[in-house]
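Worksheet: the structure to be examined is printed underneath.
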Amino acid sequence: MKKHSAYYLSSAFLTFVLGLPAHGFAQMQVNETTLRAHLALLSSDLFEGRGTGQHGGDLTVAYLETQAAIAGLLPPNGKSYRQAVSIRGIKSLPMESSVNIHLARSLNLTFGTDWLWSAGDAMSSHRFDHELLFVGYGINAPEEQWDDFKDVDCKGKILVVMVNDPQPTAEQPDRFGGKALTYYGRRSYKTEEALRRGAAGVLLIHTDTSANANWDVLKNGGMGEQFQLVKKDAQGLAIQGWITDGAANTLFAASGLDLNALRQAAERRDFKPVAIKARLKGEAKSQIRQLEQFNIAGIVPGTDAQLKDELVIYSAHWDHMGKQEGAGDVIYNGAVDNGSGTAALLAMAKAAVQQPTKRSQMFLWVAAEEQGLLGSAWYAAHPIWPLNKTAAALNLDTLNFVGRTKDISAFGADRSDLIVAANKVAQSMGMVIAPPRVDVAGGYFRSDHFSFAKAGVPAFSIGSGRDYIHEPQASLEKARGYGKRYHQVTDEYDASWDLSGMTEQAQFTLNLGREIANAKSMPAWKENDVFSKVRK
């Protein structure tokens, strides 16, 4: 936890933060010093990790709407830059609960160590005496001729599910996207499918490889308050969560089952659900509250009489994990994730207002991304601007803090015409689009652009390049080292960071947005892409 001293209030700092002229920079150029000033402040202890439903989050919202006005953005909601997002907070109370898994005796699972759970339906109390059922990957995908359920009744049961999706084979190298993770492999799909089948709950078996995150990352998020959108007539699972691989192996072995053998069986189409000789019993208690968080949006109106009714969105999530309970450093500052994207949008907005485009542009800071893309999902369900008039959504999340690169990542742009514009802009900046990679972590489904894609808007996140110009190997190792700080208290701002690459990433995004905003027509999805049907 780095204490940032009073120099933040110096005149030089306020000059850049308050958007006063920066001499020596041409129009439409993202100012690195402005970006750095916003990043340093937003990731300082003053903002307390920008937690959802916390004081630091409220302070962040106030800061962003003030800076949006100073930058010259126009409010899209009358005189307000805010879009209210209605959510529920759910905090599990393991010390007041008795819920556990029982065979002949209780397994005595410890919350946070062996498993994590929360009330998916936002109810304060549930009593359980439910069967457990292993359903493999828990996938029903007709287009893949895959059904893990085989008409077995799941109603009222607790489904124990593997993370990820079926792996490719020599005979079928492209099934479920090959080595890439599809939406079927995501936690959100597993819970949605369980709900459709009337299950009472889901426990996902965690491994570092399948979840693409170690247990500490899940624990840091799962021990605190969880959030979900408030929806009309919405239902949810009575319990949903994770169980460690070690605890799962103990559970299966005590039931006379071999988990590893069942994992192998689950890789085949003929897999059938297996009853586990155990029951979830006891009472689970939770603390529930309803609250509003806010997306912040600002507009640069278009200049063309016809095209100004169409829009390009630049987005970034402003939230991180806030202050957690415990001793020592309890502030999750979230400098890279996503103070970097939040600050970049502020610097981009300051540049964009100087030279408007034919189409309108929106700078959108969304809430509660760390809680499951809630802010962007809310916007997609309650759009400020018609989605059929939204040309594209360009998202920034976890930017380059290492240095300039020869390349830039446009993963997911090839699903639409956006890849053509991305290549053009990269070439104009003396860069190249990084080669396509296998999305083993399902990254396309894990950031805010996905909410727009699901709603039919061509969208992707602009990622950091990896072909570093200065000290390539050392820079690459520095970038990889961030993995140890991801969702940890050590994701803190460092004044020694070379932000030239972050500035270039922001500049590329702004230039790409301008290219789209000035084009003759809006981009379209590739004909065979699943989101093309939504757009039509």
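Computed from the coordinates by the stated procedures, all read-outs in this text should not be read as laboratory data. As the structure is a prediction and not an experimental result, all values here were calculated from the model. We place every Cβ from the backbone using ideal geometry, glycine too, and count neighbours over all the protein chains shown.
The table below lists the values:
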| read-out | value |
| --- | --- |
| Packing-based exposure ordering (other Cβ within 10 Å, fewest first) of Ser315, Ser461 | Ser461, Ser315 |
| The chain, relative contact order in percent, only Cα pairs under 8 angstrom and at least six apart counted | 20 |
| Computed lengthening from Val420 to Asp58, 0.36 nm per intervening residue step minus Cα-Cα distance | 126.4 nm |
| Equivalent ellipsoid, the stretch 322-448 (semi-axes from 5 times Cα gyration tensor eigenvalues, Å) | 26, 20, 17 |
| MRE, 222 nm, helices only [DSSP H, n ≥ 4, -39500 (n - 2.57), over the chain, to nearest 500] | -8000 deg cm²/dmol |
| Net dipole in debye of the stretch 305-380 [+1 Lys, Arg Cβ; -1 Asp, Glu Cβ; about Cα centre; nearest 20] | 500 |
| Exposed-site-free run, longest, the chain (rule: GluC sites (Glu not before Pro); DSSP loop; at most 10 other C-beta within 10 Å) | 326-526 |
| Cα gyration tensor, the stretch 149-264 - rounded (a/c under 1.5), prolate or oblate | rounded |
| Tail weight of P(r) past 24 Å, computed on alpha-carbon pairs of the stretch 90-288, percent | 37 |
| 5 Å binning of all Cα-Cα separations within the stretch 247-355, expressed as whole percents from 0 upward | 2, 7, 10, 10, 8, 8, 8, 11, 13, 8, 6, 6, 3, 1, 0 |
| Span from the the stretch 457-536 Cα centroid across to the the stretch 216-291 one, whole angstrom | 33 |
| Where a label projected 7 Å from the Cα of Lys520 along Cα→Cβ would reach, residues of the stretch 383-398 with amide N under 13 Å | none |
| Residue order, fewest to most beta carbons within 10 Å, for Lys190, Lys536 | Lys536, Lys190 |
| Rounded to 5, percent antiparallel among DSSP beta bridges of the chain | 60 |
| About the Cα centre, charge dipole magnitude for the chain (Lys/Arg +1, Asp/Glu -1 at Cβ), debye | 740 |
| Dipole-positive endmost among Gly513, Ala211, Gly298 within the chain (Cβ charges, Cα centre) | Gly298 |
| Order of Thr244, Thr357 under a 10 Å beta carbon neighbour criterion, fewest first | Thr244, Thr357 |
| Spatial separation of Cα centroids for the stretch 420-438 and the stretch 100-160, in angstrom | 44 |
| Relative contact order %, the stretch 200-253, counting alpha carbon pairs below 8 Å whose residues are six or more apart | 60 |
| DSSP beta bridge pairing in the stretch 90-288, given as percent antiparallel to the nearest 5 | 60 |
| Difference of contour (0.36 nm per residue) and Cα-Cα distance, Leu74 to Ala441 | 128.4 nm |
| Between 0 and 90°, nearest 10: helix 187-196 axis offset from the chain longest Cα axis | 50 |
| Where only alpha carbons of the stretch 110-177 are counted, the Rg and the Dmax (Å) | 15.8, 49 |
| Charge dipole (the chain, unit charges on Cβ, about Cα centre) - positive-most of Ala335, Thr503, Ala351 | Ala351 |
| Unit charges on C-beta of K, R, D, E only; dipole of the stretch 90-288, Debye | 440 |
| From the coordinates shown, log10 I(q)/I(0) by the Debye sum over Cα atoms at q = 0.06 Å⁻¹ corresponds to which of (i) -0.56; (ii) -0.41; (iii) -0.29 | (iii) |
